[in-house]
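Step one of this worksheet: look at the structure below.
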Amino acid sequence: MNQTKVVTNGSYANQEYTKELDNIKFVESIFQNVSFHDITLSHVIFDRCSLSQCLFNNITSSQTYFDDTTFEEVLFNNTDFYSYKFRGTTDTSNGSRFMNTRIGCLVNFPVKLRSNKAYLESLIGQLSVIPGFLLGFLIIDRVGRVPALVSCFGMSSAAVFFIWVANNEPTVVIMNFIFNALLVNVWIALDSVTSELYPTHLRSTALGFTTGLAKIAAVIAIVTFGKFIDLSKAIPILITAGVFGIGALVSKTTPESKDKLV
């Protein structure tokens, strides 16, 4: 992992940056008539800095923030500097202007994320479906629908919570693997209970109705999470853990449908 370079009390005047800035933190530094053109700012922090008559033009940023920084007559043109990148007491109202701010995803993705690493992690997550199905087939008829549903809901809630508290990447990947495997079991038990609780003449209608409600809830969840993730990535994770926890409690009230003729 690259070490962050820290520059303290730096002074920059009448300069132009046209090459990428990566892993650097400016602390209490002064920028006078400095231009940033057609570059990517990756993991760049401006901490208690002062920028006067500067220009940010055609900038793509990742993990870049302005902390307690003052601006005077700074022009931001065609950038992705959204409001959450200005933290603390940062003030951009002193003659500074924002023009052509990009519209799109506000998530602060790392622009240097290695694609092969992302694909590998995605593959590991998808492979969890295999043991998940095998486990589901083994336990669904042995322990019953409701106990399987309650236990898988509860363990899924715990797995999501530990994704939030994980402090390193391997732990996150492992907990994601466990969560996906448990989620398969949730769906197996849920599909069984949903269909078996209703008489045969109502079964298809009831299953279609509940599936439709699930799709509507999924759309609402996507929109809601998109709003919350700009505030904190912890909010969607904790909401998911809470929903699974509630699902475990509610499932305990569901009648057991194993070996029940309807």
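What percentage of all Cα-Cα pairs in the range 1-52 are separated by more than 19 Å? Please report the intermediate quantities before stating the final value.
Values: 278 of 1326 pairs.
Pairs farther apart than 19 Å: 21 percent.
Taking a sphere under 12 Å around the Cβ of Asn58 and counting the other residues whose Cβ falls inside, with K and R at +1 and D and E at -1, yields a net charge of -1.
With all protein chains in place and ligands, DNA and RNA left out, the 1.4 Å accessible area ranks Arg87, Arg97, Arg48, Arg142 as Arg142, Arg97, Arg48, Arg87, largest first. Protein-only accessible surface at a 1.4 angstrom probe places the residues Val165, Val243 in the order Val243, Val165, largest first.
Per-residue counts of other Cβ atoms within 10 Å, averaged by peptide: what ranking do you get for 65-78, 199-212, highest first? Show your work: numbers first, answer last.
Numbers: 65-78: 18.5, 199-212: 11.6.
Answer by packing, highest mean first, reads 65-78, 199-212.
Size descriptors for the range 117-211: radius of gyration and Dmax over Cα atoms are 15.5, 52 Å. Taking all Cα pairs closer than 8 Å and separated by 6 or more residues, the relative contact order of the chain comes to 13 percent.
Rg/Rh for the range 136-262 to two decimals, with Rh computed the Kirkwood way over all alpha-carbon pairs. Please report the intermediate quantities before stating the final value.
Values: Rg = 16.1 Å, Rh = 15.8 Å.
Rounded to two decimals, Rg/Rh equals 1.02.
Restricting the calculation to Cα atoms, the chain shows an Rg/Rh of 1.14 when the hydrodynamic-style radius is the Kirkwood one. Looking at the chain, the accessible area is 59 square angstrom per residue; that uses a 1.4 Å probe and ignores ligands, DNA and RNA. Once you order the gyration tensor axes a ≥ b ≥ c over the Cα atoms, which shape class does the range 191-262 get: rounded for a/c under 1.5, otherwise prolate or oblate by comparing a/b with b/c? Judged from the Cα gyration tensor, the range 191-262 comes out oblate (a/c at least 1.5, b/c at or above a/b).
About its Cα centre, how strong a charge dipole does the chain have in debye, to the nearest 20, once Lys and Arg get +1 and Asp and Glu get -1 at the Cβ? Write out the running numbers ahead of the final one.
Values: 20 positive and 20 negative charges, 158 e Å.
Dipole of the chain, to the nearest 20 debye: 760 debye.
The values are calculated or read from the model by the stated rules, or taken from the named source; none is laboratory data. None of these values were measured; they are calculated from a predicted model. Neighbour counts are summed over all protein chains in view; Cβ atoms, including those assigned to glycine, are modelled from backbone coordinates with ideal geometry. Surface areas here come from the heavy atoms of the whole protein model, side chains and all, with no ligands, DNA or RNA. Shrake-Rupley method; radii C 1.70, N 1.55, O 1.52, S 1.80 Å.
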